[in-house]
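Worksheet: one structure, shown below.
The values are calculated or read from the model by the stated rules, or taken from the named source; none is laboratory data. Remember, predicted model here, so these are calculated numbers, not experimental data. For neighbour counting, all protein chains shown are included, and Cβ atoms are generated from backbone atoms with ideal geometry for every residue, glycine included. For the accessible areas, the whole protein counts, side chains as well, though only heavy atoms, and no ligand, DNA or RNA atoms are used. Shrake-Rupley method; radii C 1.70, N 1.55, O 1.52, S 1.80 Å.
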Amino acid sequence: MNSFDKIKAYLSSYDGPDVHIMEVCGTHTASIAKNGIPAMLSPHIRLISGPGCPVCVTVTDYIDRLIALSQNEKNVICSFGDLLRVPGSESSLSLARADGAHIEMVYSPVQMLDKARRDPDHDYIFAAVGFETTAPVYALLIDEAERLGIPNVKLLTGLKTMPQVIRWVVSSAKSAGETTEREDKSDEGRIDGFLAPGHVCAVTGYGEYEKLAAETGMPFVVSGFTGPQLIASIFRLVQLRGKDTCENLYPEVVSRSGNAPAKSAVKKYFEPCDAAWRGMGIIPMSGLCLRQDYMHRDAGSFGLTGDHAGRGCRCASVLTGKIRPTECPLFGKACTPQNPNGACMVSQEGSCYNWYVGGRTR
Ligand code: SF4
């Protein structure tokens with residue numbers, strides 16, 4: 001038996017104290033499902049999908065605001081495809097588009113530059129959602145628009161950053177009394193360690209996750225995205241249970257200090273600000289907003305309100321590990337990928353989507 005087979009055998013037969021591991025990257029969520037990892041693990045190891053899917057954490061108010069902007073004939077809204085199907089309070093971007101609103105799906109924000117240059121009579125507004133990984137792309141968009149003198153390129157920013165929401169999730173779990181010290185309690189919301197987001201850490205570095213480990217008393221392991229990489233990271237988290245340490249198992253891509261040019265581009269155009277999270281409300285300094293010098297590029301991003309998803313959706317409880325997707329009464333009935341009721345069923349990185357498509361039961 002080689003060492004990888006030994007790791008798999010250890011994880012499948014593990015019978016020590018329960019270990020609840022949260023991943024906070026949508027690509028991890030999708031890869032865990034695609035590789036069938038939950039079925040390889042002992043029942044004492046539970047994987048929880050946290051708030052790492054950008055579409056899933058986007059608030060209804062943001063979708064409503066995009067729809068309102070799209071109904072002004074001076075505007076053209078550009079967005080990645082996933083966001084189009086997220087329900088707002090009354091409609092979605094795809095329904096608004098079917099009704100004639102100016103909404104276009106693009107594969108890259110930079111595609112929008114050319115459209116804006118050729119059509120100076122309209123403001124082109126990009127639905128700028130995502131995490132630290134995507135922020136450099138929006139910085140590049142604004143950089144190019146400034147350099148080329150294209151005034152009609154704007155952002156509606158819903159950008160978010162990881163560290164503050166991780167603090168929020170840990171604090172929420174602890175305030176519910178569901179910490180590792182309380183084995184006698186139900187496991188609702190309990191977290192024993194984190195798979196740190198490999199893509200985010202490639203930009204920011206993992207230094208911030210060393211701080212989080214020290215602050216929270218939990219282990220963090222920076223992981224790659226293949227099945228074997230994820231299995232190795234889960235193995236380390238089980239071994240590190242109860243330790244306040246951060247390990248980088250993705251050194252070929254992630255360094256402690258991160259990608260200096262990308263960080264510098266983001267810092268030039270954006271600054272930390274409060275952000276609205278689906279189901280979690282406003283989390284201070286957990287977002288990125290355009291700096292004052294570039295406010296002429298903002299399409300009205302401020303003052304978004306947090307929400308609890310509405311329409312009977314339990315996304316908020318799913319994203320904080322309080323329930324499994326299958327425990328939502330609408331899962332697979334009134335909410336499917338073909339007819340999503342909530343954002344977590346829309347995105348291919350969403351927890352509900354992956355549980356439904358992968359037939360996951362635990
Ligand atoms: Fe929301 Fe649908 Fe998931 Fe239920 S199954 S939590 S309605 S996205």
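Calculate the spin-label point distance for residue 1 paired with residue 147, positioning each point 7 Å from the Cα along the beta-carbon direction, and give it in nanometres.
With each label placed 7 Å out from Cα toward Cβ, I get 5.5 nm.
What percent do you get for the relative contact order of the chain when only Cα pairs under 8 Å and 6+ apart count?
21 percent
Could you look at segment 200-283 and say what percent of its accessible area is carbon and sulfur, using a 1.4 Å probe and all protein chains?
Within segment 200-283, the accessible surface is 53 percent carbon and sulfur.
What is the sum of charges around residue 287, taking Lys and Arg as +1, Asp and Glu as -1, for the other residues whose C-beta is under 15 Å from the C-beta of residue 287?
+1
Within straight cross-link reach of residue 174, meaning Cα distance under 20 Å, which lysines are found once same-chain residues fewer than 8 apart are removed?
Correct list for residue 174: 185, 211, 243, 322.
Rounded to the nearest 500, what is the 222 nm mean residue ellipticity of the chain from helices alone, with -39500 (n - 2.57) per DSSP H run of 4+ residues and division by all residues?
After summing the helix terms and dividing by the residues of the chain, the value is -10500 deg cm²/dmol.
Let me have the relative contact order for segment 273-362, percent, based on Cα pairs under 8 Å that are six or more residues apart.
Computed value for segment 273-362: 20 percent relative contact order.
So, with a 1.4 angstrom probe, what is the percent of accessible area on segment 1-131 that is carbon and sulfur?
Carbon plus sulfur share of accessible area: 51 percent.
If contacts are Cα pairs under 8 angstrom and at least 6 residues apart, what is the relative contact order of segment 207-362 in percent?
Once divided by the residue count of segment 207-362, the mean separation gives 13 percent.
What number do you get for the chain when its Cα radius of gyration is normalised by 2.2 N^0.38 Å, N = residues?
Ratio of Rg to 2.2 N^0.38 Å for the chain: 0.99.
Which of the peptides 92-104, 140-152 is most tightly packed, and how do the rest follow, going by the mean number of other Cβ atoms within 10 Å of each residue?
92-104, 140-152
What's the angle, to the nearest 10 degrees (0 to 90), between helix 207-216's Cα axis and the longest principal axis of the chain?
For 207-216 against the chain, the angle is about 60 degrees.
If Lys and Arg each add +1 and Asp and Glu each add -1, what is the summed charge of the other residues whose beta carbon sits under 11 Å from the beta carbon of residue 110?
Local net charge: -2.
Can you list the residues, at least 5 places off or on another chain, whose amide H is less than 5 Å from the amide H of residue 289, using H built in the peptide plane?
The list, which skips near neighbours in sequence, is 271, 273.
Can you compute the FRET efficiency between residue 34 and residue 167 using 1/(1 + (r/R0)^6), with r the Cβ-Cβ distance and R0 = 25 Å? Round to the nearest 0.05.
Step by step, r from the Cβ atoms, then E = 0.30.
What is the packing order of peptides 252-258, 9-15, 81-87, taking the mean over residues of other C-beta atoms within 10 Å and listing the highest first?
Ranked by mean Cβ neighbours within 10 Å, highest first: 81-87, 252-258, 9-15.
Which whole-number value in Å² is the accessible area per residue of the chain, probe 1.4 Å?
41 Å²
Report, largest value first, the span of the C-alpha coordinates of segment 120-167 along each principal axis, in whole Å.
43, 18, 10
Among bridges DSSP assigns within the chain, what percent are antiparallel (round to 5)?
Roughly 20 percent of the beta bridges in the chain run antiparallel, per DSSP.
I want the local charge near residue 301. Using Cβ-Cβ distances under 15 Å, sum +1 for each Lys or Arg and -1 for each Asp or Glu among the other residues.
-1
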